[in-house]
1. Just to be sure I understand, how many residues within segment 1-21 are out of contact with any strand residue (DSSP E or B) (no Cβ under 6 Å at 6 or more places or on another chain) and exposed (fewer than 14 other Cβ atoms within 10 Å of the Cβ)?
2. Using beta carbons and a limit of 9 Å, which pairs, at least six apart or on different chains, have the first residue in segment 144-155 and assigned by TED's automatic domain parsing to the domain that holds residue 90 and the second one in a helix (DSSP H, G or I) and modelled with pLDDT under 95?
3. Go through segment 8-30 and give me each residue that's under 22 Å from residue 95 (Cβ atoms), part of a strand (DSSP E or B) and without any contact (Cβ under 8 Å) to a residue 60 or more places away in the chain.
4. When you go through 102, 130 one by one, which is the residue that is surrounded by 19 or more Cβ atoms within 10 Å (Cβ to Cβ) and on the phi < 0 side of the Ramachandran plot?
5. With respect to residue 24, is the statement that it is surrounded by fewer than 18 Cβ atoms within 10 Å (Cβ to Cβ), outside the structural domain of residue 114 (by TED's automatic domain parsing) and under 15 Å from the mean Cα position of the chain (by Cα) true?
6. Have a look at 58, 72 and point out the one that is in contact with a strand residue (DSSP E or B) (Cβ under 6 Å, 6 or more places away or on another chain), under 23 Å from residue 39 (Cα atoms) and surrounded by fewer than 17 Cβ atoms within 10 Å (Cβ to Cβ).
7. All but one of (1) part of a helix (DSSP H, G or I); (2) without any contact (Cβ under 8 Å) to a residue 60 or more places away in the chain hold for residue 89; state the number of the condition that does not hold.
8. Quick one: how many residues across segment 92-126 are free of Cβ contacts under 8 Å to residues at least 40 places away in the same chain and assigned to a strand (DSSP E or B)?
């Protein structure tokens, strides 16, 4: 049986309370369970038991060297339903000084941010399969600057994005 989707991710963080507050404010996650030094968060509208686990290892923890000095996870990607929601998240991440990039991957419109421990994550909207064209599919190998206003005009601000992978069936 093939894997269907990612159920949850677990991160080691310096300060679990600080990280919980960040993910609550930035992405609207809610605590579903916590204990000393750990918290389990759920994304709004998720049917998972939890989407993100956070385990505190203390202020002495070194920054992650993943991708710079060691192998390791580059980032997690969270999906949003609409381009309006992606724009709202972009404003919130900018307000929190967490936004580090925004890219148009043709089939995916993506924001990149870092949490308080410097761990990178992505928030994206996927072009629904019904709106894919040969031009969009062919453009997946190029990375362009994100232009949310142009994308909202093209696809609709409230058009529900594709789920998982936006490729024709």
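1. So the count comes out to 9.
2. From residues that are assigned by TED's automatic domain parsing to the domain that holds residue 90, the pairs are 154/131; 155/131.
3. Within segment 8-30, 30 is the sole residue that qualifies.
4. 102
5. Details: surrounded by fewer than 18 Cβ atoms within 10 Å (Cβ to Cβ): yes; outside the structural domain of residue 114 (by TED's automatic domain parsing): yes; under 15 Å from the mean Cα position of the chain (by Cα): yes.
Criteria met by residue 24.
6. Details: 58 fails: in contact with a strand residue (DSSP E or B) (Cβ under 6 Å, 6 or more places away or on another chain).
Just one listed residue meets the conditions, 72.
7. (2)
8. Step one: of segment 92-126, the residues free of Cβ contacts under 8 Å to residues at least 40 places away in the same chain are 94-95, 97, 99-101, 105-106, 110-112, 114.
Restricting the remaining residues to those that are assigned to a strand (DSSP E or B) gives 99-101, 110-112, 114.
Residues that pass the stated criteria total 7.
The values are calculated or read from the model by the stated rules, or taken from the named source; none is laboratory data. No experiment lies behind these values; they were computed from the predicted model shown. Positions of Cβ are generated from backbone atoms using ideal geometry, with glycine treated the same way; all protein chains shown enter the neighbour counts.
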